[in-house]
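Asks: Here it is, the structure in full.
The values are calculated or read from the model by the stated rules, or taken from the named source; none is laboratory data. Here the structure is a predicted model, which means the values were calculated and not measured. Ideal geometry is used to build each Cβ from the backbone, glycine not excepted, and the neighbour counts take in all protein chains shown. All accessible areas refer to the heavy atoms of the entire protein, side chains included, with ligands and DNA or RNA removed. Shrake-Rupley method; radii C 1.70, N 1.55, O 1.52, S 1.80 Å.
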Amino acid sequence: MIRLIATDLDGTLLEKDGTLPEGFFDVARSLLKQGIAVAAASGRQYDNLRRLFYPIAGEMSFICENGGLCATGRQIVATTPVDMELVLAVARDLTSLGMRVMISGVKCCYMLDNDRVFTDDITYRLRNTVSIVPDFSMIDEPVIKFSGYTPHGVQPFAEGLQERWADKLSAVVAGRNWFDFTLANKGTGLKNLMDSLGVKREEVVAFGDQFNDESMLDIAGHPFLMKGADPRLFKPGTRWCEKVLPVMKKMLENGGELK
């Protein structure tokens, strides 16, 4: 029987307009009542995910900041902080490339007040909890993820960033415009969550569509890749699907079994 469903959000669970699919909360509540944990796995921050899933946030689980923080309800079960000197070194590299930088702690994400269009978008559209600082060296809490953003797309920079930093950090493309750095990844985040819930690999279903989901799909006993994802992500044993919610509904109909 499946005991944990973990799903990426953008490009996976969410609709193209960034909203949850109609009927998600009803299905999720029914799965939770059957003893099947439902987890959102995302590069987003904890506060952001709690807002998005507000009606059931107290019962859901969260793999936040690409695995840097894991929680169930209000209980944080694991964090993986990064050395601040390393954070500042990568931030300088990103800035030299003309990228905007966002640094995430447990409490909030930190940004510089040098591009109000960018900071306002993160605050009001993405609905992150944001703190504006004059310099990143003033951050006084552990950093669990940091990101570079460019509206022009990160692909021109991706190979170089991976060459410079992948031996020290998880350095992955997290969408067309974002490049993320953590010491953790969604796979270690999923493993931390599984350990906290007492769930085995064969009891886990995971959905994803990007390279920052690859480690999570590798950990799950039943990985699903979204149609349209890069075919290089496909591995033996992976299933394809068009949408997450119909698969969740089918598991609910089958009493928690994955046919």
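Asks: What single numbered condition from (1) more than 24 Å from residue 69 (Cα to Cα); (2) open to solvent by less than 60 Å² (accessible area, probe 1.4 Å); (3) modelled with pLDDT under 95 fails to hold for residue 97?
Replies: Failing condition for residue 97: (3).
Asks: Can you tell me which residue is surrounded by the most Cβ atoms within 10 Å (Cβ to Cβ) among those in the range 108-135 that are of a type in the set (Lys, Arg) and under 18 Å from the mean Cα position of the chain (by Cα)?
Replies: Ranking the candidates gives 127 first.
Asks: If residue 64 satisfies all but one of (1) surrounded by 15 or more Cβ atoms within 10 Å (Cβ to Cβ); (2) over 14 Å from residue 184 (Cβ atoms), what's the number of the condition it fails?
Replies: Every condition holds for residue 64 apart from (2).
Asks: Taking the criterion of being within 18 Å of the chain's Cα centre (by Cα), open to solvent by less than 50 Å² (accessible area, probe 1.4 Å), without any contact (Cβ under 8 Å) to a residue 60 or more places away in the chain and over 28 Å from residue 74 (Cβ atoms), would at least one residue in the range 233-254 satisfy it?
Replies: Within the range 233-254, one or more residues are within 18 Å of the chain's Cα centre (by Cα), open to solvent by less than 50 Å² (accessible area, probe 1.4 Å), without any contact (Cβ under 8 Å) to a residue 60 or more places away in the chain and over 28 Å from residue 74 (Cβ atoms).
Asks: Those residues that are within 26 Å of residue 70 (Cβ to Cβ) and crowded, with 17+ Cβ neighbours inside 10 Å, I need them from the range 152-174; list them, please.
Replies: 154, 161, 165, 169, 170, 171, 172, 173, 174
Asks: Another question, if that's okay. For the range 207-230: of the residues being over 12 Å from the mean Cα position of the chain (by Cα) and small (Gly, Ala, Ser), which is surrounded by the fewest Cβ atoms within 10 Å (Cβ to Cβ)?
Replies: 228
Asks: If residue 205 satisfies every condition in (1) part of a helix (DSSP H, G or I); (2) closer than 15 Å to residue 63 by Cα; (3) in contact with a strand residue (DSSP E or B) (Cβ under 8 Å, 6 or more places away or on another chain); (4) of a type outside the set (Phe, Trp, Tyr) but one, which is the exception?
Replies: Every condition holds for residue 205 apart from (1).
Asks: Also: Could you tell me which residue of the range 26-54 is farthest from the chain's Cα centre (by Cα), considering only residues that are free of Cβ contacts under 8 Å to residues at least 40 places away in the same chain and open to solvent by 50 Å² or more (accessible area, probe 1.4 Å)?
Replies: 33
Asks: Something else now. For residue 220, only one of the following conditions fails: (1) touching a Lys or Arg at 6+ places or on another chain (Cβ under 8 Å); (2) of a type in the set (A, V, I, L, M); (3) without any contact (Cβ under 8 Å) to a residue 60 or more places away in the chain. What is its number?
Replies: Failing condition for residue 220: (3).
Asks: Moving on. Working carefully through the options 78, 91, 57, 71, find the one that is hydrophobic (A, V, I, L, M, F, W, C) and open to solvent by 10 Å² or more (accessible area, probe 1.4 Å).
Replies: Just one listed residue meets the conditions, 78.
Asks: For the range 123-140, enumerate the residues that are without any contact (Cβ under 8 Å) to a residue 40 or more places away in the chain and within 21 Å of residue 79 (Cβ to Cβ). Working first, answer last.
Replies: As a first pass, look at the range 123-140 and keep what is without any contact (Cβ under 8 Å) to a residue 40 or more places away in the chain: 123-125, 130-135, 138, 140.
Listed by number, the residues that qualify are 130, 131, 133, 138, 140.
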